[in-house]
Amino acid sequence: MKEIQTVGIVGLGALGIIFAHQLTRGAGYENVKILADADRTARYKKEGVFLNGERCAFHYADAAAESEPPDLLLFSVKFNALEAGISECRHLVGPDTTVISALNGISSEQTLADAFGKEKIVWCIAQKMSAVKDGNRVVCPVFGELALGVPSRGNDRRLRALTSFFDRIKFPYSLPEDIQVHMWSKLLCNTGCNQASMVFQCGYSGLQVPGPARDAMLGAMREVVQVANAEGVPLSEQDVAEWDSIIQALPGDGEPSMRQDGKAHRKSEVELFSGTIRRLAAKHAIAVPVNDWLYRQVQEMESTY
């Protein structure tokens, strides 16, 4: 496995900006490219993007005009833009390209594996960051990390190459004992935290104190535990408590991405959260009333956009 030196980033939302900043700082401007279409690239160059008040010095590149595959390709788009991102960068995935996804949910790895081959995919979850995006500006007091891994019995040579690269450039990551369980655990967090924040129109502060928003968050999380167990994934009340502890430590004036989507009248990732849980619950004949209610509330909110 060749040493990772060059990076392509697809998607420049809040997380994409954070990762591009960290990777550019560590690996160098020439080695990290923001890949987009020609129009979006021109807009980035003209208007810029800003992180914590400073304009970012990023290397923007028209994906269609690029020909050299990067060693690492990072997808940081919303799920409903993933297929477009794959089409835009399909020619930039070579035999030695490692692909990771910072998307929410538990399905993007399979989508990328179907497109590029499962042997190229390192499983990944973005976690513990708190970022707010307004237009082309991001405020992020807590950068967080990427949790990485490969499924049990999977070949870990790309994972080892990736962690070696991250160690070299001092990029924060963790290695959960079981990445598949950990991804389900993060889904538990998103399903409760993101959806409750959007429906009750509150930031983290509204989830940190007793009240209906916090009740909905914890209720939705506990339903994820039931569905995960039916799928053979050993989540428990301990996972609920651990994620609640993380949420308690986040800045009260911060907001999950789904709350930001609601404020901006963008379509949310509700299908990745309660949508996924409701479909799997139906398969196992499990009642998930909190997720049913949150799903309906989000659908009603989005129908007014």
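If you average the sequence gap of Cα pairs under 8 Å that are 6 or more apart and divide by the length of the range 7-174, what percent do you get for the contact order?
Details: 301 pairs, mean separation 36.1, N = 168.
Once divided by the residue count of the range 7-174, the mean separation gives 21 percent.
Need the full-extension length gain, ARG25 to THR304, defined as separation in residues times 0.36 nm minus the C-alpha distance. One decimal, nm. Working it through step by step, the gained length comes to 96.3 nm. The calculated FRET efficiency for the pair SER67 and ASN155, based on their C-beta separation and a Förster distance of 41 Å, comes to about 0.90. Which stretch or stretches of the range 72-88 have amide N atoms under 19 Å from the point lying 7 Å from ARG43's Cα along the Cα→Cβ direction? What the label zone holds, given the 19 Å backbone N cut-off, is 76-88.
Whole-percent P(r), the range 7-174, all Cα pairs, 5 Å bins from 0: 2, 9, 19, 24, 22, 16, 7, 2, 0, 0. If you plug the beta carbon distance of ARG266 and ILE246 into 1/(1 + (r/R0)^6) with R0 = 22 Å, you get a FRET efficiency near 0.35.
Comparing Cα centroids, the range 48-97 and the range 1-15 end up 7 angstrom apart. Measuring against 24 Å, Cα to Cα, the residue pairs LYS45/LYS128; LYS128/LYS170; LYS33/LYS133; LYS118/LYS186; LYS78/LYS120 contain LYS45/LYS128 as the ones spanning a longer distance. Relative contact order of the chain, taken over Cα pairs closer than 8 Å and 6 or more residues apart, is 15 percent.
When DSSP beta bridges are limited to those with both residues in the chain, what percentage is antiparallel, rounded to the nearest 5? Please list the in-between numbers first.
Working: 11 of 32 bridges.
Beta bridges within the chain, antiparallel portion: roughly 35 percent.
Spatial offset of the range 135-212 relative to the range 286-301 amounts to 24 Å, using the alpha carbon center of each.
For the peptides 283-291, 55-63, the ranking by mean Cβ contacts within 10 Å, running from highest to lowest, is 55-63, 283-291. This ranking places MET217, MET183 by how few other beta-carbon atoms lie within 10 Å of each, fewest first, which gives MET183, MET217.
No value in this document is a laboratory result; all are computed from the given coordinates. Model, not experiment: these values are computed from the prediction. Backbone-built Cβ (ideal geometry, glycine too); neighbour counts: all protein chains shown.
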